[in-house]
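Student: If you scroll down you'll find the structure; I have some questions about it.
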Amino acid sequence: MSPLAARARAWLFDSAFPAERIASLRVLVFGFGVVYLAVRFRQLTDYSSLIPSDFAPVGIVSLLSAPLPLALVLACYSVTLLAGVTALLGIGFRWSGPLFALGQLWVLSYRSSWGMIFHTENLLVLHTLILSASPAADVWRVTSRSPAVASRKLAGEYAWPVHAVSLVTVLSYAVAGVAKLKISGLDWVSGEALRSQVAFDALRKIELGSSHAWLGAWLVPHRAVFTPLAYLTFAFELGAPLALLGGRVARVWCVTAWAFHAGVVALMLIVFPYALCGVAFASFFACEKPMRALGRLAQRTFGVRPGANP
Amino acid sequence: VSGWSQGWGLAVTTLAAAVVLWPVVSGRPDSFPHSTYPMFAARRDRVELGNIRGIQLDGTPIALSPRLLGTGEVMHARALVAAAVRGGKKQSLRLCRRVADRVSRHPEFASLRALEVTLDRYDSVRYFTESRIPVKSRTLAQCDVPRAESSR
């Protein structure tokens, strides 16, 4: 095994996490996904006001050359949502997890196949795919069986999915920083590119009759504001991999990431709900601790109890 | 950790990382669910914006709500107009008529007599520091809003 592969192996498997860590991630990520799909029922199923020539398939939907009939769109959505609820409860997770992850990928890719890619959903889809391929329902699942595994069991097999989710998160931000370097070079930190983006975003929203970020529009004439913001953005994005060190570095990066997204809302009115509600960064924390209290409440209320996969 | 579990974990993690890194190395920066978010990487000083406006009875232009284009998302509405504008006058006219038909079914837009699809060039910063008038504007299509005889 090469030194790089050996270090990757050690990083992924040598730490021992409780099974509750990925179970809590499952509850958070799949729960977010289910609610996200449910509240967007109309946007994800009703494409009747769009015409077939607007169809521009992306990602996995590139397999199609024409839009699907409404009945099939509804069927995909319904099966995905049902699988999502089932996986969220940890029932038959070996099939319900991947079914939901792939269904969500399909449904959201289909939505992005009408001329506008919804980047706000990238991390949600990737995290769900990773967790669906992991033993994320060994505990905290609705089951008729007696609990057979201690829920606090520490194991390396529960560590790699958490690290993989964190890795995908930091890489997503890092590639955005690398793209800025590739396209604009170090000139990006002058702040002019950011200023023009904020201006353009507000301009197009005003011209298209929609609400815009008044703060962003108000700041555009103040050039000096954008230079420090550009520096911070660059440092936050290119420094994202440092969060994999864990501990305080990870916590600081996560808070910065949240502040970054809050800033994007304030300056451009672009909402990344998955990041803003904090679920995107849950893998950097011992999220099972606050979830245990909720889990105990769920056990008492709905009969949810820890159990082992057959 | 069993050998199988290690192999599976390594494979899933490597694949997930490769998907995220793919747009950087492939030269195809934007897809789903992977992107380098190229729209935030370049300067947007001088921009062209496809637009569709309503023309009121007194000739005043007004912005149209994205829902008249069949979507609640402003970015999606923009993408639909941009695609029509890229398609030239014929596609712009098709979009114009489609939206005009939708406008005619909304009584709150009774003051609109026509629509126009334009390609406007802006200086985005100047828009907020000096003037909101496009640097250059080209009309690609115009169409009347169909009205029932009884409502005239």
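The values are calculated or read from the model by the stated rules, or taken from the named source; none is laboratory data. Treat the numbers as computed from the prediction; the structure is a model and nothing was measured. Positions of Cβ are backbone-derived with ideal geometry, glycine not excepted, and every protein chain shown enters the neighbour counts. The protein model used for the area step is the full one, side chains on, heavy atoms only, and it has no ligands, DNA or RNA in it. Shrake-Rupley method; radii C 1.70, N 1.55, O 1.52, S 1.80 Å.
Student: Given a 1.4 Å probe, how much area per residue of segment B:5-121 is accessible, in Å²?
Tutor: 46
Student: Per residue of segment B:13-21, in order, report the coupling 6.51 cos²θ - 1.76 cosθ + 1.60 (Karplus, θ = phi - 60°) as ³J(HN,Hα) in whole Hz, putting x for Gly and Pro.
Tutor: Values, residue by residue: 5, 5, 4, 4, 5, 5, 4, 5, 7 Hz.
Student: Divide by every residue of chain A the summed helix terms, -39500 (n - 2.57) for each DSSP H run of at least 4, and state the resulting mean residue ellipticity at 222 nm, rounded to the nearest 500 deg cm²/dmol.
Tutor: Numbers: 13 runs with 187 residues, N = 310.
-19500 deg cm²/dmol, from helical runs alone.
Student: Take each of the peptides A:85-91, A:48-54, B:70-76, average the number of other beta-carbon atoms within 10 Å over its residues, and list them starting from the highest.
Tutor: Highest mean packing first, the order is A:85-91, B:70-76, A:48-54.
Student: Provide the packing ranking of B:22-34, A:117-129, i.e. peptides ordered by the mean count of other C-beta atoms within 10 Å per residue, highest first.
Tutor: Going by the mean number of other Cβ atoms within 10 Å, highest first, we get A:117-129, B:22-34.
Student: Enter the mean number of other protein chain beta carbons within 10 Å of the beta carbon of each residue in A:207-217, as an integer.
Tutor: Values: counts 14, 15, 14, 11, 1, 1, 0, 0, 0, 1, 2.
The shielding value for this peptide is 5.
Student: Quick one: buried accessible area between B and A, total over both chains, 1.4 angstrom probe, nearest 100 Å²?
Tutor: Using a 1.4 Å probe on protein heavy atoms, the buried area is about 5700 Å².
Student: Still on this structure, please answer the following. If you take each beta carbon of peptide B:16-23 and count the beta carbons of other chains within 10 angstrom, what is the mean? Mind showing how you got there, number by number?
Tutor: On the way: counts 11, 6, 1, 6, 12, 5, 1, 3.
Average neighbour count from other chains, rounded to a whole number: 6.
Student: Kindly write out, for segment B:130-135 in residue order, the coupling ³J(HN,Hα) from the Karplus curve 6.51 cos²θ - 1.76 cosθ + 1.60 (θ = phi - 60°), rounded to whole Hz, with x marking Gly and Pro.
Tutor: So the J values, rounded to whole Hz, are 10, 9, 8, 7, x, 5.
Student: On to the next question. Over segment A:212-290, what is the mean sequence separation of C-alpha contacts under 8 Å (at least six apart), divided by residue count, expressed as relative contact order in percent? List each step's numbers first, then the result.
Tutor: Numbers: 47 pairs, mean separation 26.7, N = 79.
Once normalised by length, the contact order is 34 percent.
Student: Would you list, by chain and number, the aspartates and glutamates whose Cα falls below 15 Å from the Cα of B:LYS136, excluding same-chain residues fewer than 8 positions away?
Tutor: Within reach: A:GLU207, B:ASP45, B:GLU48, B:ASP120, B:ASP123.
Student: Enter the accessible area per residue of chain A (Å², integer; probe 1.4 Å; all protein chains in place).
Tutor: On a per-residue basis, 42 Å².
Student: Please compute, for peptide A:58-70, the average count of beta-carbon atoms on other protein chains lying within 10 Å of each residue's beta-carbon. It would help to have the intermediate numbers written out before the result.
Tutor: Details: counts 5, 4, 3, 1, 2, 0, 0, 0, 0, 0, 0, 0, 0.
That works out to 1 on average.
Student: Per-residue HN-Hα couplings for segment A:165-176, Karplus 6.51 cos²θ - 1.76 cosθ + 1.60 at θ = phi - 60°, whole Hz, x for Gly and Pro?
Tutor: Once θ is set to phi - 60°, the couplings for segment A:165-176 become 4, 5, 4, 5, 4, 5, 5, 4, 6, 5, 5, 5 Hz.
Student: Next question. Over all directions, average the projected area of the Cα convex hull of segment A:161-280 and note it in nm².
Tutor: If I average the Cα hull's projected area over directions, I get 7.8 nm².
Student: Using a probe of 1.4 angstrom, how much of the accessible area of segment B:20-152 is carbon and sulfur, in percent?
Tutor: That fraction is 50 percent.
Student: For chain A, calculate the relative contact order in percent as a whole number, restricting contacts to Cα pairs under 8 Å that are 6 or more residues apart.
Tutor: Relative contact order for chain A comes out at 26 percent.
Student: Kindly point out, ordered by number, any Cys in the protein assembly as shown whose beta-carbon has no other cysteine beta-carbon under 4.7 Å away.
Tutor: A:CYS76, A:CYS254, A:CYS277, A:CYS287 - these cysteines have no disulfide-compatible partner (Cβ-Cβ under 4.7 Å) in the protein assembly as shown.
Student: What residues from segment A:206-226 fall in the zone where the backbone N is under 18 Å from a label point 7 Å along the Cα-to-C-beta line of A:VAL265?
Tutor: In segment A:206-226, the label zone of A:VAL265 (backbone N under 18 Å from the point 7 Å along Cα→Cβ) covers A:211-217.
Student: Which values of log₁₀ I(q)/I(0), to two decimal places, follow from the Debye formula for the protein assembly as shown at q = 0.07, 0.09, 0.11, 0.14 Å⁻¹ with a uniform point scatterer at every Cα?
Tutor: So the normalised log intensities are -0.42, -0.67, -0.95, -1.34.
Student: Probe radius 1.4 Å, ligands and nucleic acids ignored: give me the carbon and sulfur share of the accessible area of chain A as a rounded percent.
Tutor: Values: 8930 of 13010 Å².
Taking all protein chains in place, chain A shows 69 percent carbon and sulfur surface.
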